[in-house]
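The values are calculated or read from the model by the stated rules, or taken from the named source; none is laboratory data. These numbers were taken from a predicted model, which means no experiment stands behind them. Positions of Cβ are generated from backbone atoms using ideal geometry, with glycine treated the same way; all protein chains shown enter the neighbour counts.
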Amino acid sequence: MPRDPAVESRRVHAGHSVEHGRNPWGIAEIPETEKIMPETSAQEPSRPPVPATVADIMRPPLTTVQANDHVAGAAYLMRHEAATALVVLDAQTNRPMGLLTEADIVQLVADGRDADAVRIYDLMTTRLSVIKATASIREAANTMITGRFRHLPVVEDAGLIGMIDITDVCRALLDAPGG
């Protein structure tokens, strides 16, 4: 079998070429077989794009509630939707007017209050921070750290369009180059 000069040039180990069927360690090679090194590609393996804005990481607000609903109903929704927070919407404007979290419900139960008797408006956070979809992930992280909260509704002019939480933000920051 004729030898390919390009393959022969790759058959070098530690500066010694393979000659006369023997390698530098004296181990015989079978002449009919050749070890071909795979060509190396100049391209890096493709990685998914790094999230840059809140729009890249937000999830749709699948479950929302009204301020007049009972906390027990909200807790049921949270459990069945695997949600850790619910946005309370203003029915007329579709804008967030409050947020009800697992921590709020835990506090209610720890205080010995009845979740069937308490309305969401009695328990929800009303001084709500929101963020625009065009904001950077770092801006979202800064807002969450400054406000000491884990959930952030995403709004545009038409109202609520999504939700991010601390896990979404951390994951995006860890996926960033150097993260």
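Within the range 61-80, is there a residue that is in contact with a helix residue (DSSP H, G or I) (Cβ under 9 Å, 6 or more places away or on another chain) and among the charged types (D, E, K, R)?
Yes, the conditions are met somewhere in the range 61-80.
With the structure loaded, tell me whether residue 168 is outside any helix (DSSP H, G or I), in contact with a helix residue (DSSP H, G or I) (Cβ under 9 Å, 6 or more places away or on another chain) and charged (D, E, K, R) or whether it fails that test.
On the way: outside any helix (DSSP H, G or I): no; in contact with a helix residue (DSSP H, G or I) (Cβ under 9 Å, 6 or more places away or on another chain): yes; charged (D, E, K, R): yes.
So residue 168 does not fit the description; no.
Can you find, within the range 70-84, the residue that is surrounded by the most Cβ atoms within 10 Å (Cβ to Cβ) among those that are small (Gly, Ala, Ser) and at pLDDT below 95? Spell out the reasoning first.
Applying the first criterion (small (Gly, Ala, Ser)) to the range 70-84 yields 72-75, 82-83.
Adding the requirement that they be at pLDDT below 95 leaves 82-83.
Values: 82: 8, 83: 22.
Among residues in the range 70-84 that are small (Gly, Ala, Ser) and at pLDDT below 95, the one surrounded by the most Cβ atoms within 10 Å (Cβ to Cβ) is 83.
Is the range 103-119 home to any residue that is of a type in the set (A, V, I, L, M), buried (at least 17 other Cβ atoms within 10 Å of the Cβ), outside any helix (DSSP H, G or I) and out of contact with any helix residue (DSSP H, G or I) (no Cβ under 9 Å at 6 or more places or on another chain)? Walk me through how you get there before you give the answer.
Let us first name the residues in the range 103-119 that are of a type in the set (A, V, I, L, M), namely 103, 105-106, 108-110, 115, 117-118.
Adding the requirement that they be buried (at least 17 other Cβ atoms within 10 Å of the Cβ) leaves 105, 108, 118.
Next cut, outside any helix (DSSP H, G or I) only: 118.
Within this subset, residues satisfying the condition of being out of contact with any helix residue (DSSP H, G or I) (no Cβ under 9 Å at 6 or more places or on another chain) are none.
Within the range 103-119 (the criterion being of a type in the set (A, V, I, L, M), buried (at least 17 other Cβ atoms within 10 Å of the Cβ), outside any helix (DSSP H, G or I) and out of contact with any helix residue (DSSP H, G or I) (no Cβ under 9 Å at 6 or more places or on another chain)), the answer is no, since none of the residues qualifies.
Which of the residues that make up the range 155-169 are free of Cβ contacts under 8 Å to residues at least 12 places away in the same chain and closer than 23 Å to residue 82 by Cβ?
Applying the first criterion (free of Cβ contacts under 8 Å to residues at least 12 places away in the same chain) to the range 155-169 yields 157, 167.
Within the range 155-169, just 167 meets the criteria.
Looking at (1) at pLDDT below 95; (2) outside any helix (DSSP H, G or I), can you tell me which one residue 134 breaks?
With respect to (1) at pLDDT below 95; (2) outside any helix (DSSP H, G or I), residue 134 is out only on (1).
Where the second residue is surrounded by fewer than 17 Cβ atoms within 10 Å (Cβ to Cβ) and β-branched (Val, Ile, Thr) and the first is more than 19 Å from residue 97 (Cβ to Cβ) and without any contact (Cβ under 8 Å) to a residue 60 or more places away in the chain and lies in the range 60-84, which pairs have Cβ atoms under 6 Å and are six or more apart or on separate chains?
What qualifies is 81/63.
Any idea how many residues of the range 134-154 are surrounded by 16 or more Cβ atoms within 10 Å (Cβ to Cβ), touching a residue at least 40 places away in the same chain (Cβ under 8 Å) and farther than 18 Å from residue 83 by Cβ?
Number of matching residues: 3.
Would you call residue 93 buried (at least 19 other Cβ atoms within 10 Å of the Cβ), under 26 Å from residue 131 (Cα atoms) and hydroxyl-bearing (Ser, Thr, Tyr)? So that I can check it myself, show each step before the final result.
Details: buried (at least 19 other Cβ atoms within 10 Å of the Cβ): no; under 26 Å from residue 131 (Cα atoms): yes; hydroxyl-bearing (Ser, Thr, Tyr): yes.
So residue 93 fails the test.
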